[in-house]
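> One structure is given below, represented as structure tokens, and several questions about it will come after.
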Amino acid sequence: MSISNPRWKHRPQGSTWGDFGPNDQLGRLNLLTPEKVRQGVAEVREGLRFALSLPLDYPGGSALNPNRKPPVLRPLQRKGMVNFNCLLQELEPGRTDVLSDDMAILSLQYSTQWDGLAHVGSLFDANGDGLPEPLYYNGFRAGIDIVGPADISGTGMPERLDEAASTSCAKALGIEAMAANGVQGRGVMVDLHAHLGDARSLVGYEQLMRIIEADGVEIAVGDILCLHTGFAQRVLEMHKRPDPEVLNNSCAVLDGRDDKLLQWISDSQVAAIAADNYAVEAHPARPGADCCAALPLHEHCLFKLGVHLGELWHLTPLAHWLRAHQRHHFLLTAPPLHLPGAVASPLTPVATV
């Protein structure tokens, strides 16, 4: 292979490692060129805005994912006082200010989110010694470029917040690269829900192509693909009391085991993919080989291609408006939080039509 890199001798088959440079950390966001931004801006005709985020305290509880907890808000302190509805005159006589200042304890992938490229890696023999190494996109290495504690005592929140210190860091592939990029371009909606309804359905290449053809959707290089399934709308209607049995049997998911679907994602050269469901793909996935990824579409997109994945976006109002007006494209602005070292981020994407 002509492409070489100090971190790897061989890259995964079908990957984009090295295509955007030896130290690239943006992946296919490199396709969000000024021309793609102008294409997105050209889709703004009405000046209407759609905020595409669920409230960040949704889904509610931890029934859908016991590893992720809802956000906690707590006030800060001011000179030994609770700095919430704080009367400054009690500290400085004569002042009229009433002050409130708070902090958030936040699981970054609890609600509407971007998966960063350091969220999912894979075991791969990149140096040709016959021993697979834990790697991430473009060959960045677990334990060197993406680091975390070896002991469980370094996880979760410490007992004393005033002693809290970060114990993990994506020194490469952190979400800050995505944030600095701005993430703005032309969004394109594929409305799976309009064809498949609320029933749980596994969508592979053939069915996806039929829906795209039926609706006349044009998907171009550098577009940000949005998949409307109706899942986030169902979550919202449960008012922070999600029913896992209902939700786990609701709405469309992509079939990550469908090789033709994965190849289409490669060939389409979409810049990123966002869905309103929990993982974009089915989880658990269909049974595969004895040695294979539990999340094959995540592995293909995040690890091989550098395609960021958005999850739990609230796409239903936008999808309904687009269908009513026989449109599919829009300006999408969707930067994550600029939080250095994080592997994912909540966000409030905005679509403008």
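> Might you let me know whether the stretch 275-298 holds any residue that is farther than 20 Å from ASN65 by Cβ, open to solvent by less than 50 Å² (accessible area, probe 1.4 Å) and assigned to a helix (DSSP H, G or I)? Reasoning before the result, please.
Within the stretch 275-298, the subset farther than 20 Å from ASN65 by Cβ is 286-292.
Imposing the further condition that a residue be open to solvent by less than 50 Å² (accessible area, probe 1.4 Å) reduces the set to 288.
The next check asks that each one be assigned to a helix (DSSP H, G or I); those that pass are none.
No; the residues of the stretch 275-298 include none that is farther than 20 Å from ASN65 by Cβ, open to solvent by less than 50 Å² (accessible area, probe 1.4 Å) and assigned to a helix (DSSP H, G or I).
> Taking the stretch 163-200, which residues are in contact with a helix residue (DSSP H, G or I) (Cβ under 9 Å, 6 or more places away or on another chain) and of a type in the set (Gly, Ala, Ser)? Before the answer, list the steps.
Going residue by residue through the stretch 163-200, those that are in contact with a helix residue (DSSP H, G or I) (Cβ under 9 Å, 6 or more places away or on another chain) are 167-168, 170, 172-173, 177-178, 181-187, 189-196, 198.
SER168, ALA170, ALA172, ALA177, GLY182, GLY185, GLY187, ALA194 - these are the residues of the stretch 163-200 that are in contact with a helix residue (DSSP H, G or I) (Cβ under 9 Å, 6 or more places away or on another chain) and of a type in the set (Gly, Ala, Ser).
> List pairs: first in the stretch 230-242 and of a type in the set (Phe, Trp, Tyr), second part of a helix (DSSP H, G or I), Cβ under 8 Å, 6+ apart or cross-chain?
From residues that are of a type in the set (Phe, Trp, Tyr), the pairs are PHE231/LEU247.
> Residues SER53, SER15: which one is touching a His at 6+ places or on another chain (Cβ under 7 Å) and of a type in the set (Gly, Ala, Ser)?
Details: SER15 fails: touching a His at 6+ places or on another chain (Cβ under 7 Å).
None of the others qualify; the one that does is SER53.
> Filter the stretch 204-213 down to the residues that are under 22 Å from PRO317 (Cβ atoms) and either surrounded by fewer than 15 Cβ atoms within 10 Å (Cβ to Cβ) or out of contact with any helix residue (DSSP H, G or I) (no Cβ under 6 Å at 6 or more places or on another chain) (or both) and list them by number. Give the derivation first.
Initial filter on the stretch 204-213 (under 22 Å from PRO317 (Cβ atoms)): 211-212.
Once the filter is applied, which keeps residues that are under 22 Å from PRO317 (Cβ atoms) and either surrounded by fewer than 15 Cβ atoms within 10 Å (Cβ to Cβ) or out of contact with any helix residue (DSSP H, G or I) (no Cβ under 6 Å at 6 or more places or on another chain) (or both), the stretch 204-213 yields only ILE212.
> Moving on to the next point. Kindly list the number of the only condition in (1) within 21 Å of the chain's Cα centre (by Cα); (2) farther than 17 Å from ASP191 by Cα; (3) not acidic (Asp, Glu) that fails for LYS260.
It is condition (1) that LYS260 fails.
> Something else: When you scan the stretch 56-73, do you find a residue that is of a type in the set (Ser, Thr, Tyr), over 25 Å from GLY306 (Cβ atoms) and in contact with a strand residue (DSSP E or B) (Cβ under 8 Å, 6 or more places away or on another chain), even just one? Please lay out each step first, then the result.
The initial filter retains those residues of the stretch 56-73 that are of a type in the set (Ser, Thr, Tyr), namely 58, 62.
Adding the requirement that they be over 25 Å from GLY306 (Cβ atoms) leaves 58, 62.
Going one step further and asking which of them are in contact with a strand residue (DSSP E or B) (Cβ under 8 Å, 6 or more places away or on another chain), we end up with none.
No: zero hits.
> Condition first: in contact with a Pro (Cβ under 9 Å, 6 or more places away or on another chain) and surrounded by fewer than 24 Cβ atoms within 10 Å (Cβ to Cβ). Now tell me which residues in the stretch 315-334 satisfy that.
Residue satisfying the conditions is THR333 alone.
The values are calculated or read from the model by the stated rules, or taken from the named source; none is laboratory data. Values in this document were obtained by computation on a predicted structure and should not be read as measured data. Glycine also receives a Cβ, built like all others from the backbone with ideal geometry; neighbour counts cover every protein chain displayed. In case anyone asks, the SASA skips ligands and DNA or RNA and just uses the protein heavy atoms, side chains included. Shrake-Rupley method; radii C 1.70, N 1.55, O 1.52, S 1.80 Å.
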